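The next block holds one structure in the form of structure tokens; read it before the comments.
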Amino acid sequence: MPRLEELAEVRCTKADGLAEAISGAEILLLWDFFSSAVEEVWEHADALKWIHVAAAGVDKLLFDGLAGSDVIVTNSRGIFDRPIAEFVLASILAMAKDIPGSLRRQQDARWEHRETERIDDARVLIVGTGSIGRETARLLRAVGMLVEGVGRTRRSGDPDFGTVHSSDRLVSVVHDSDYVVLIAPLTESTRGMVDADVLSAMKPTARLVNVGRGELVDDDALEVALRTHAIAGACLDVFSVEPLPATSPLWGLENAMISSHLSGDAVGWLHRLSALFAANLDRYVHGAELENVVDKKLGFVPSRRD
């Protein structure tokens, strides 16, 4: 496996130096997957053949110039599957067992007995049937939850989801779900897919978990649904604007659990990201087929079962 220092030339730069660094470069390793710098310096990318993104989502990168080019884009699919699946399970358990409520009572030194909920036989709808969604489905099934999926096409007999509903029917299939988990990639077809109609169709006892992208959800509609208890709660790890502004009303809602886009960042994640890129670099140097090649029209790495 080649070491970076064994290559002809390696340049490390921040966004403000990318225009100079990308000129003549054949490979770009993009760590800041939220950056718009590549689009801003695209005219200087005169030799670029491959961009590797140190993330699963590539929505911020696929501007028209890149999407229409011959430049290969790969992502870090597979690195975050188990950590995010565990985070989803932890979120569901925290809401079912009212862990936030216990913490609030602890801070007030208030002893108050109450009942909590079981999660076995609870119905979960996972929106997004890629590798992260599949790992999540397997983990939730293992603890006795009843899981179905939402993907590009409707099908039955899926090994992980059983039934997969088509995403254009989301509003008509959320009504009996106890938990709706968002893991879908952000594309033009998924942006804002959880809108006021979908939230209104959910049961008032249902909860939403978003570990995909903030833009999958209509922010205003979600805030209203939580504030009016149209749904019981939400665990939100991603937001349309990050960091979430201190002025956001979500911070003050007791039925909202907020974390700082960390669901996939388990200890050792940076090493695993580096190792994945190094393995793909070895393939590139030896002319082998790269792994995790993104379909730039779809916006994600497709598989036969997604």
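To the nearest 500 deg cm²/dmol, what mean residue ellipticity at 222 nm is calculated for the chain from DSSP H runs of n ≥ 4 alone, each contributing -39,500 (n - 2.57), summed and divided by the residues? Intermediate results must be reported in sequence, preceding the final value.
Values: 10 runs with 86 residues, N = 306.
Calculated from helices alone, the mean residue ellipticity at 222 nm is -8000 deg cm²/dmol.
Order these by the 10 Å Cβ neighbour count, fewest first: Ile27, Ile22. Mind showing how you got there, number by number?
Working: Ile27 18, Ile22 21.
Fewest to most other Cβ atoms nearby, the residues stand as Ile27, Ile22.
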Picking from Asp70, Asp121, Asp108, which is most flexible by a Gaussian network model of the chain using Cα springs under 10 Å?
Asp108
Neighbour counts of other C-beta atoms within 10 Å: give me His44, His175 arranged from fewest to most.
His175, His44
At R0 = 41 Å, how high is the FRET efficiency between Asp197 and His286 if r is their beta carbon distance? Nearest 0.05 is fine.
0.20
Count of lysine pairs in the chain with Cα separation under 21 Å (8 or more residues apart, or interchain)
8
Given Cβ point charges of +1 (Lys, Arg) and -1 (Asp, Glu) and nothing else, what value in debye, to the nearest 20, does the dipole of the chain about its Cα centre take?
1040
Report, by chain and number, residues whose modeled amide H sits under 5 Å from the one on Val181, excluding near sequence neighbours (fewer than 5 apart, same chain).
Leu125, Ile126, Val127, Val209
Name the residues whose placed amide hydrogens come within less than 5 Å of the amide hydrogen of Gly192, ignoring near sequence neighbours (fewer than 5 apart) on the same chain.
Leu216, Val217
Using a Gaussian network model on the chain with a 10 Å cutoff between Cα atoms, which of His261, His286, His165 fluctuates the most?
His286
Out of residues 5 or more away from Ile72 or on other chains, whose amide H comes under 5 Å of its own, with H placed 1.01 Å from N in the peptide plane?
Trp50, Ile51
Can you tell which of Pro159, Leu208, Ala234 lies farthest toward the positive end of the dipole of segment 81-258, using +1 and -1 charges on the Cβ of basic and acidic side chains (Lys, Arg; Asp, Glu)?
Pro159
When only C-alpha pairs under 8 Å and at least 6 residues apart count, what is the relative contact order of the chain, in percent?
17
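Throughout, read-outs are computed from the coordinates displayed, never taken from laboratory work. Since this is a predicted model, take the numbers as computed values, not measurements. Positions of Cβ are backbone-derived with ideal geometry, glycine not excepted, and every protein chain shown enters the neighbour counts.
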